[in-house]
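A.B. asks: Pasting a structure below so you can have a look.
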Amino acid sequence: QQQVKQSPQSLIVQKGGIPIINCAYENTAFDYFPWYQQFPGKGPALLIAIRPDVSEKKEGRFTISFNKSAKQFSLHIMDSQPGDSATYFCAASGGYQKVTFGIGTKLQVIP
Amino acid sequence: DVKVTQSSRYLVKRTGEKVFLECVQDMDHENMFWYRQDPGLGLRLIYFSYDVKMKEKGDIPEGYSVSREKKERFSLILESASTNQTSMYLCASSQLNRDQAFFGQGTRLTVV
């Protein structure tokens with residue numbers, strides 16, 4: 001069963017737009033929610049992460065919104081650029097360092 | 001600079017071969033992981049290890065085994081490769097009580 005559900009699977013936006021990627025989780029033991037960014041031919045790299053004690057975290061143009069009661073979190077990319085074109089994975093973990101990933105969202109930002 | 005190095009970027013193997021995928025990290029991390037990445041399925045955990053000679057099954061261990069004889073090295077073994085094991089394989093490592101995982105560049109394995 002998929003413990004972290006991610007949508008959409010693909011997303012195309014114009015430069016300057018605000019793509020939003022959503023994730024939902026089931027396991028209430030999760031206490032760490034990272035987003036990873038993966039460029040073609042590379043491994044994923046940590047982009048930004050949040051813990052459930054805050055509802056929002058912002059780093060540069062990237063923002064995570066977290067809704068603990070709904071067990072949902074999302075990634076927003078402000079003023080998106082063609083260089084943001086990549087695959088984005090949400091993830092969740094807790095306890096044993098075993099990270100569960102979403103299926104990924106392939107984002108394309110059109111100039 | 002932290003580094004996780006996978007021995008091969010691309011591999012082509014025949015059905016039934018025994019295949020070894022090697023991963024080395026230079027960060028003195030306790031935890032190491034093997035994932036496979038498939039379109040529409042995301043990253044799925046095959047095995048992980050939190051110490052030398054220790055291993056735990058992930059979500060899809062069937063058809064795979066692992067070896068961790070040294071802290072910095074974690075090997076994934078396909079005992080008898082099959083075409084359904086054609087995939088991108090990613091190794092990762094992390095510190096014991098830290099959540100951030102560092103990934104290698106991946107090995108694209110094709111089994112023919």
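The values are calculated or read from the model by the stated rules, or taken from the named source; none is laboratory data. This structure is a prediction, so every number in the text was calculated from the model and none was measured. Glycine gets a Cβ as well: all are built from the backbone with ideal geometry, and neighbour counts include every protein chain shown.
A.B. asks: Looking only at residues in region B:66-89 that are polar (S, T, N, Q) and within 22 Å of A:Gly43 (Cα to Cα), which one is nearest to the other protein chains (Cβ to nearest Cβ)?
C.D. replies: By that ranking, first place goes to B:Ser87.
A quick yes/no check of all residues on (1) surrounded by 13 or more Cβ atoms within 10 Å (Cβ to Cβ); (2) modelled with pLDDT of 95 or more; (3) over 22 Å from A:Thr100 (Cα atoms); (4) under 14 Å from the mean Cα position of the chain (by Cα):
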site	(1), (2), (3), (4)
B:Asn31	yes, no, no, yes
B:Gln37	yes, yes, no, yes
B:Leu43	yes, no, no, yes
B:Asp51	no, no, no, no
B:Gly58	yes, no, no, yes
B:Glu62	no, yes, no, yes
B:Leu76	yes, yes, no, yes
B:Ser80	no, yes, yes, no
B:Thr83	no, yes, yes, no
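A.B. asks: Any residue in region A:55-68 that is closer than 23 Å to B:Asp59 by Cα and either under 10 Å from the mean Cα position of the chain (by Cα) or crowded, with 21+ Cβ neighbours inside 10 Å (or both)? Spell out the reasoning first.
C.D. replies: Residues of region A:55-68 that are closer than 23 Å to B:Asp59 by Cα, as a first pass: none.
Checking region A:55-68: not a single residue is closer than 23 Å to B:Asp59 by Cα and either under 10 Å from the mean Cα position of the chain (by Cα) or crowded, with 21+ Cβ neighbours inside 10 Å (or both).
So that you can scan it fast, the table gives a plain yes or no per residue for (1) of a type in the set (Asp, Glu); (2) facing chain B (nearest Cβ under 9 Å); (3) exposed (fewer than 15 other Cβ atoms within 10 Å of the Cβ); (4) not in a strand (DSSP E or B):
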| position | (1), (2), (3), (4) |
| --- | --- |
| A:Asn22 | no, no, no, no |
| A:Gly41 | no, yes, yes, yes |
| A:Ala70 | no, no, yes, yes |
| A:Ser74 | no, no, no, no |
| A:Cys90 | no, no, no, no |
| A:Gln108 | no, no, yes, no |
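A.B. asks: How many residues does region A:52-68 contain that are assigned to a strand (DSSP E or B) and touching a Pro at 6+ places or on another chain (Cβ under 6 Å)? It would help to see each step written out before you state the result.
C.D. replies: Initially, region A:52-68 is screened for residues assigned to a strand (DSSP E or B), giving A:56-59, A:62-67.
Checking the rest, the ones that are also touching a Pro at 6+ places or on another chain (Cβ under 6 Å) come to none.
Going through region A:52-68 one residue at a time, the tally reaches 0.
A.B. asks: Output yes when any residue across region B:46-54 is touching a Ser or Thr at 6+ places or on another chain (Cβ under 8 Å) and either within 9 Å of another protein chain (Cβ to nearest Cβ) or of a type in the set (Gly, Ala, Ser) (or both), and no when none is.
C.D. replies: no
A.B. asks: Additional query: Residues that are touching a strand residue (DSSP E or B) at 6+ places or on another chain (Cβ under 6 Å), more than 30 Å from A:Ser10 (Cα to Cα) and not in a loop (DSSP other than H, G, I, E, B): does region B:35-52 have at least one?
C.D. replies: Scanning region B:35-52, I find at least one residue that is touching a strand residue (DSSP E or B) at 6+ places or on another chain (Cβ under 6 Å), more than 30 Å from A:Ser10 (Cα to Cα) and not in a loop (DSSP other than H, G, I, E, B), so the answer is yes.
A.B. asks: Next up: If a residue must be surrounded by fewer than 16 Cβ atoms within 10 Å (Cβ to Cβ), among the hydrophobic types (A, V, I, L, M, F, W, C) and modelled with pLDDT of 95 or more, how many such residues does region B:89-112 contain?
C.D. replies: 1
A.B. asks: Collect the residues in region B:54-112 that are over 19 Å from B:Val19 (Cα atoms), assigned to a strand (DSSP E or B) and free of Cβ contacts under 8 Å to residues at least 40 places away in the same chain, keeping them in residue-number order.
C.D. replies: B:Glu56, B:Lys70
To keep it simple, each residue is scored yes or no on (1) of a type in the set (A, V, I, L, M); (2) under 17 Å from A:Phe89 (Cα atoms); (3) touching a Leu at 6+ places or on another chain (Cβ under 7 Å).
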position	(1), (2), (3)
B:Asp26	no, no, no
B:Asp38	no, yes, no
B:Gly58	no, no, yes
B:Gln105	no, yes, no
B:Val111	yes, no, no
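A.B. asks: Of (1) over 25 Å from B:Gly106 (Cβ atoms); (2) surrounded by fewer than 21 Cβ atoms within 10 Å (Cβ to Cβ), A:Ser10 satisfies all except one. Which?
C.D. replies: Answer for A:Ser10: the failing condition is (1).
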